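In what follows, a single structure is set out as structure tokens and then discussed.
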Amino acid sequence: MNVTLQVWRQKNATAKGQMVKYEVKNISPDTSFLEMLDIVNQELIARDEDPIAFDHDCREGICGMCSLMINGMAHGPEHATTTCQLHMRSFKDGDTIYVEPWRARSFPVLKDLIVDRGAFDRIIAAGGYISVSTGSAPEANVIPVPKENSDLAMDAAACIACGACVAACPNASAMLFTAAKVSHLALLPQGQPERHKRVIDMVRQMDDEGFGHCTNIGECSIACPKEISMDFISMLNRELIKATATNKE
Amino acid sequence: MATDTQQRPATTEVGGRRSMGFESTLDAQIPPGPLQDKWDTHRFKMKLVNPANKRKYTVIMVGSGLGGASAAASLAELGYKVKCFCYQDSPRRAHSIAAQGGINAAKNYRNDGDSIFRLFYDTIKGGDFRAREANVYRLAQVSVNIIDQCVAQGVPFAREYGGQLDNRSFGGAQVSRTFYARGQTGQQLLLGAYQQLERQIGLGNVEMDTRTEMLDLVVVNGRAKGIITRDMVTGKIEAHAGDAVVLATGGYGNVFHLSTNAKGSNTTAIWRAHRKGAFFGNPCYTQIHPTCIPVSGEHQSKLTLMSESLRNDGRVWVPKRPGDTRPPHEIPEAERDYYLERKYPSFGNLAPRDISSRSAKEACDAGLGVGPGGLGVYLDFADAIQRLGVAKIRERYGNLFDMYQRITAENPYEVPMRIYPAVHYTMGGLWVDYNLMSTIPGLFVIGEANFSDHGANRLGASALMQGLADGYFVLPNTIGDYLAQVKPGDYNLAGDEFRQVQEDVSERTNRLMSIKGKRSVDSFHRELGRIMWDECGMARNEQGLKRALEQIPELRAEFWENVRVTGEATNINQELEKAGRVADFLELGELMCLDALHRTESCGGHFREESQTEEGEALRDDDHFAYVAAWEFRGLNQQPVLHREPLSFENVQLAQRSYK
Ligand SMILES: Cc1cc2nc3c(=O)[nH]c(=O)nc-3n(C[C@H](O)[C@H](O)[C@H](O)COP(=O)(O)OP(=O)(O)OC[C@H]3O[C@@H](n4cnc5c(N)ncnc54)[C@H](O)[C@@H]3O)c2cc1C
Ligand code: FES
């Protein structure tokens, strides 16, 4: 199949970027989207041009490194699919495909399609953990965890921190990301001691990073390749109310 | 050749045990005493760093996967200053994240006869008697602590209705000792370790440098004292100093170009350390995983693994008749060959990975393969779905089935999956002693990057266990013993050694940029991968390996004359990153072939066609090869020197592996 690409090219963090057009010929529908970009890059290299820079690593939908707004959709048109798992069979012969980086104040572009998502790590560092030093853990089966809770915690913990939620949100809010971690840990008995402090610290960091406010639009959850549910945002809000009410700070 | 790799040493009887007729030139520092007590005794004997002094020591941790993240967090908790590095944009993206199936631990929660000794025994046997007993026993011992630690961190392992932890069985074991978190065990374990790491970063005890690649090691007066890195955003080449350096940089399976590793997985850190004096252990031991999605065409950029937990419920088969092109559901039972069940009745579809992989290759070589190019076998869930229902299968494997469908556009609930073996794991790596220290004092190596624990073949669910054992429980103890013997801060970042290596790295980077040849980095990588897969893959022979040993140096020479690296060195430059990695793979590949050539026996993942039983099973040669091959670098295009660490088995009986 043949497609036309319009790709955001930007030399570095301070340069001005622009959309550049590339014609892509004879691509097998079984090619993944990133393999299609690989092929384009091989052609650019052959012409001695700078290839398109994009983030990727595992190419199996789990590391969260790949990104891309494809035709205005985070990770492209397929439901619950990261860009690296997207295949050209999802497009039609002759399509024009627009490829852009995540756009959010807190995710500055570094080059072409690569952005800086360091803010996510800082939100975790602010409280997204259970403080337990190595060696101090009790026997694993001492604290039973109801299967429903553990399954629900796993649903939340499935987040890959790719940033699609932020990119899809008109407010560029990081609420779904933060809520997933808050909920994962709040649902487990091990997470109880730091429950209140955790949500307060993480939300504060999220705000400090310049992410927008959540107005419950729900684009985040639709874009999420791991189908993290909006329910976790409600859970975060409940946690935050309880925590603020009991917090003596 | 500098030593007698071609000559076979004589065998002698020592104390009723078979042993090699040569002296070991390597001291593995295995503590004396009974197997069960070694680790305890050793911990007692090790020197301790005074708690108040710990903050004066800086440890450089390269890598943030299960090994690196768990070690960095644990060392910081102890009070050491840690500088941690990864090449991704976040430590949470290390390739450990991709592990699906599970992690072993000898908890015996099933009451099915598991024990520390059984896990130890299974690992030694699974590794085809090519691993060090003392290390493996320690691994089995600390396995139980790992589960405790992870649960306390909030890792959402699968649970039963009573709220207790669930287990499943995994290839190569007859007990259920594998803990799992849906099909995302590696992700959840890594996030557990990552969260502990972030906690220490938040507390100011760890300095984390992301998008930073280690390009060389700095050795001062024979001790590892620092590294040279490239900032992958600005291109800046920088030096970092510390009292010890730990490499936790993962496996080197990408030497084959196509593998289940991440695109960025590389050998650069360990290869550069090898060039600086760290011996490379068993480089040829590679694991080819039986359950991967087959290659779909030339464009293929990586291979995707389907967790072998699938083999618990899926049945592997091929048509009995070569060239049978009927769709699978039209092939009647009587015309299917469930070859694993037939050949290995007691283990069946759960036979170890090397055996399963080779059987698939044999079936395909015999023209029985299915799918494009005949490079695939069926993994069929029809029986399991009938027995357990779709819902149960979805609960167990839902995400794997979805992933398969996304990639192949086929629905595995309705048609059998097609699978084919792919390069997955490297048992080889830098040689380390019992303390996980390499032959360069002060350089420690943990996780997949070292050669330890798995011998010639790794059992499923044991790499996660080893990475976390190394990082949480072994290294934090053993590194203290080393640090207690060195003066803190005994290095000079402005000194000659650092400056020299930094210049070397800049010079190499500039050289790569200035060749301006005609061929892309990828084209070299692809060609190297093809040589390695053909000649040093699932089956190896003398002729092929010798061929590869001629081809690889030629390819390497062409690379340095004709590679094209576009862009600039002072900006994000993914071509430059790849070029540096491929340059190192081009050296490593040669060593792997050399190692595979010298080891004329078959063992585990290393199958030499010349050494097989009448039934076509791997045939070991314990008299001549019960040793670890540790290679010393002597300069490019020079023969490396082979050192042997003899393996003695005091607690298990050496036996020809049988999974019949
Ligand atoms: C698809 C897949 C599935 C698997 N499933 C299982 C399973 O179910 N059970 C099991 O036990 N094992 C499994 N394994 C094996 C296991 O996941 C790995 O062996 C293990 O996670 C490796 O951990 P590590 O910490 O050694 O390395 P990694 O997790 O690979 O981490 C390497 C780290 O080093 C960094 N790094 C690398 N090179 C450099 C450099 N030059 N400079 C700076 N940083 C660098 C990376 O950024 C990264 O942080 C699987 C492996 C794969 C590929
Ligand atoms: S590259 Fe890892 S999720 Fe896409």
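Out of curiosity, is residue A:179 small (Gly, Ala, Ser), within 14 Å of chain B (Cβ to nearest Cβ), in a helix (DSSP H, G or I) and touching a residue at least 24 places away in the same chain (Cβ under 8 Å)? Judged against the criteria, residue A:179 is not a match. Annotation note: Cβ proximity below 8 Å between a residue of the stretch A:114-139 that is farther than 30 Å from residue A:52 by Cα and a residue that is part of a loop (DSSP other than H, G, I, E, B) and among the acidic types (Asp, Glu) (sequence gap 6+ or interchain) occurs for A:127/A:194; A:130/A:194; A:131/A:194.
Collect the residues in the stretch B:98-114 that are part of a loop (DSSP other than H, G, I, E, B) and within 16 Å of ligand 2 (Cβ to nearest atom), keeping them in residue-number order. Before you say what the answer is, go through the steps one by one.
Within the stretch B:98-114, the subset part of a loop (DSSP other than H, G, I, E, B) is B:99-102, B:105-114.
Listed by number, the residues that qualify are B:99, B:100.
Listed here are the residues, each with its yes/no results for (1) away from chain A (no Cβ under 14 Å); (2) within 16 Å of ligand 2 (Cβ to nearest atom); (3) surrounded by fewer than 21 Cβ atoms within 10 Å (Cβ to Cβ).
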| site | (1), (2), (3) |
| --- | --- |
| B:181 | no, no, no |
| B:190 | no, yes, no |
| B:209 | no, no, yes |
| B:216 | yes, no, no |
| B:261 | no, yes, no |
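Here is the figure for the stretch B:92-115: residues that are within 9 Å of another protein chain (Cβ to nearest Cβ), more than 6 Å from ligand 1 (Cβ to nearest atom) and of a type outside the set (Phe, Trp, Tyr) total 5.
Every residue, every condition in (1) among the polar types (S, T, N, Q); (2) surrounded by 20 or more Cβ atoms within 10 Å (Cβ to Cβ); (3) under 26 Å from residue B:656 (Cβ atoms); (4) in contact (Cβ under 8 Å) with a residue 40 or more places away in the chain, yes or no:
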{"site": "B:557", "(1), (2), (3), (4)": "no, no, no, no"}
{"site": "B:575", "(1), (2), (3), (4)": "no, yes, no, yes"}
{"site": "B:583", "(1), (2), (3), (4)": "no, yes, no, yes"}
{"site": "B:588", "(1), (2), (3), (4)": "no, yes, no, yes"}
{"site": "B:601", "(1), (2), (3), (4)": "no, yes, yes, no"}
{"site": "B:612", "(1), (2), (3), (4)": "yes, no, yes, no"}
{"site": "B:619", "(1), (2), (3), (4)": "no, no, yes, no"}
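Would you confirm whether or not the stretch A:37-52 contains a residue that is within 10 Å of chain B (Cβ to nearest Cβ), in contact (Cβ under 8 Å) with a residue 40 or more places away in the chain and within 10 Å of ligand 2 (Cβ to nearest atom)? No - not one qualifying residue is present in the stretch A:37-52. Would you please name the residue that is farthest from ligand 1 (Cβ to nearest atom), looking only at residues in the stretch A:53-74 that are at the interface with another protein chain (Cβ under 7 Å from one of its Cβ atoms) and of a type in the set (Gly, Ala, Ser)? Checking each candidate, the answer is A:53.
Taking the criterion of being away from ligand 2 (no atom under 16 Å from the Cβ), acidic (Asp, Glu), outside any helix (DSSP H, G or I) and within 14 Å of chain A (Cβ to nearest Cβ), would at least one residue in the stretch B:236-255 satisfy it? For the stretch B:236-255, residues away from ligand 2 (no atom under 16 Å from the Cβ), acidic (Asp, Glu), outside any helix (DSSP H, G or I) and within 14 Å of chain A (Cβ to nearest Cβ): absent.
Considering the stretch A:92-116, the residues that are facing chain B (nearest Cβ under 10 Å) and either touching an Asp or Glu at 6+ places or on another chain (Cβ under 6 Å) or among the hydrophobic types (A, V, I, L, M, F, W, C) (or both) include one that is farthest from residue B:204 (Cα to Cα), namely A:114.
Here is a yes/no grid of residues against (1) surrounded by 18 or more Cβ atoms within 10 Å (Cβ to Cβ); (2) not in a loop (DSSP other than H, G, I, E, B):
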position	(1), (2)
A:13	no, no
A:21	no, yes
A:62	yes, no
A:67	yes, no
A:79	no, no
A:84	yes, yes
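The rows are residues; the columns are (1) acidic (Asp, Glu); (2) within 16 Å of ligand 1 (Cβ to nearest atom); (3) farther than 30 Å from residue B:123 by Cα.
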position	(1), (2), (3)
B:550	yes, no, yes
B:558	yes, no, yes
B:562	no, no, yes
B:566	no, no, yes
B:589	no, no, no
B:606	no, no, no
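The numbers here are math on the coordinates, done by the rules we state, and not lab data. Source: prediction; values computed, not measured. Positions of Cβ are backbone-derived with ideal geometry, glycine not excepted, and every protein chain shown enters the neighbour counts.
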